[in-house]
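What follows is one structure encoded as structure tokens, with my remarks underneath.
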Amino acid sequence: MKVTVWNEYRHEKIDEAVNEMYPAGIHGQLAKFIADEETVVQTATLDEAEHGLSSEVLAETDVLLWWGHVAHEEVADEIVERVYQRVLEGMGLIVLHSGHFSKIFKKLMGTSCDLKWREDEKHCRVWNINPGHPIATGIEDYFELEKEEMYGEHFDIPQPDELIFVSWFPGGEVFRSGCTYRRGNGKIFYFQPGHETYPSYYDENVQKIIKNAVKWCAPTKASYPKYGHFQALEKNLEGR
Ligand code: ZN
């Protein structure tokens, strides 16, 4: 399995608190716990040539993770289109936290992907509402994160194919925090935790869910359909 972790990698360079929380970058921390005997992980960031997502890199990627926040608009449309095509062909995509506003997620969803938000240093409780789903393997009824940004409904996404987690926040809000979709041959998982100044990517449950999601999003052997003009299969259609 080949995984590429994409991170915008801007907060870490300009914000001391973020740099302290994720000294190797958010991508570095994600890569660290995703990698295992079966999973080779590489990283890519916005400021690299082609944002680190050349056709060669994407062709070899089974599952792509996406973390972005302040620079969604700087992601070139050409690269977004390239990622989009790879998802349709079967590449898995895991969109994390503020990636809900990324060009690629909005393009795949076809909606605004807007939501309510508040940074107030409070905890959140993530409920496992689909315990039989492979992405929820090893997760109890619920778990708590000591600090997470409040994301609240309404979250303007299409009806998820599967809803796996719902988060509750102390302000009284709820949020569909773990959702799956299929687009073309590709599988997509959106997962809410991961604010840049909070330690969510060090949390054991969050790590377990992301690792489960990498496995679930892995491409199948499905062939990609041929579209466009099609020659009749039956000979008697000719010469009518
Ligand atoms: Zn955030």
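The values are calculated or read from the model by the stated rules, or taken from the named source; none is laboratory data. Only a predicted model underlies this, so the values are computations on that prediction, with no experimental measurement involved. Note that each Cβ is placed from the backbone with ideal geometry, even for glycine, and that neighbours are counted across all protein chains shown. Note: accessible area is taken over every heavy atom of the protein model, side chains too, but ligands, DNA and RNA are not part of it. Shrake-Rupley method; radii C 1.70, N 1.55, O 1.52, S 1.80 Å.
Assorted remarks:
- Residues being part of a strand (DSSP E or B) and away from the ligand (no atom under 16 Å from the Cβ) - total across region 187-224: 3
- Single match in Ile164, Ile157, Ile209, Ile188 (criterion: open to solvent by less than 50 Å² (accessible area, probe 1.4 Å), without any contact (Cβ under 8 Å) to a residue 60 or more places away in the chain, within 26 Å of Tyr9 (Cβ to Cβ) and among the aliphatic types (A, V, I, L, M)): Ile157
- In region 129-152, the residues that are in contact with a Phe, Trp or Tyr (Cβ under 7 Å, 6 or more places away or on another chain), more than 16 Å from the ligand (Cβ to nearest atom) and open to solvent by less than 20 Å² (accessible area, probe 1.4 Å): Ile135
- Candidate set: region 81-120, residues that are under 14 Å from the mean Cα position of the chain (by Cα) and part of a strand (DSSP E or B); chosen: the one farthest from the ligand (Cβ to nearest atom): Gly92
Table: residues versus (1) surrounded by 14 or more Cβ atoms within 10 Å (Cβ to Cβ); (2) at negative phi.
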| site | (1), (2) |
| --- | --- |
| Leu53 | yes, yes |
| Glu60 | no, yes |
| Trp66 | yes, yes |
| Gly90 | yes, no |
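- Against the test of being within 21 Å of Lys208 (Cα to Cα) and aromatic (Phe, Trp, Tyr), the options Trp117, Trp127 yield a single qualifying residue, Trp127.
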